[in-house]
């Protein structure tokens, strides 16, 4: 069985793809990219448009990798 996890944080986005065989985990891909989602955080707590777009673009790439 192969599983993938995407972790989106305020500074980076991570992808881990692993294969599970007989309860043992084998990491197939482990990627960490800095996207600075929290960059320019507004006083009202909202995220900046450019930061959201950067992070979303990388998330879409990660989903494509996970499905391949």
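The set of residues from segment 1-17 being free of Cβ contacts under 8 Å to residues at least 40 places away in the same chain and either under 28 Å from residue 51 (Cα atoms) or in contact with a helix residue (DSSP H, G or I) (Cβ under 7 Å, 6 or more places away or on another chain) (or both) comprises 3, 5, 7, 9, 10, 11, 12, 14, 16. Can you name the residue in segment 22-40 that is touching a residue at least 12 places away in the same chain (Cβ under 8 Å) and out of contact with any strand residue (DSSP E or B) (no Cβ under 6 Å at 6 or more places or on another chain) and is also farthest from residue 67 (Cα to Cα) among such residues? Checking each candidate, the answer is 39. Taken over segment 24-67, the criterion of being in contact with a helix residue (DSSP H, G or I) (Cβ under 8 Å, 6 or more places away or on another chain), surrounded by 15 or more Cβ atoms within 10 Å (Cβ to Cβ) and under 15 Å from residue 2 (Cβ atoms) is satisfied by no residue.
Residues of segment 43-55 that are more than 12 Å from residue 9 (Cα to Cα) and not in a loop (DSSP other than H, G, I, E, B): 49, 50, 53, 54. The set of residues in segment 10-42 that are assigned to a loop (DSSP other than H, G, I, E, B) and either closer than 20 Å to residue 56 by Cβ or modelled with pLDDT of 95 or more (or both) comprises 10, 11, 22, 35, 36, 37, 38, 39, 40, 41, 42.
The values are calculated or read from the model by the stated rules, or taken from the named source; none is laboratory data. All figures in this text were calculated on a predicted structure; none of them were measured in a lab. Please note: Cβ atoms are built from the backbone with ideal geometry, for glycine as well, and neighbour counts cover all protein chains shown.
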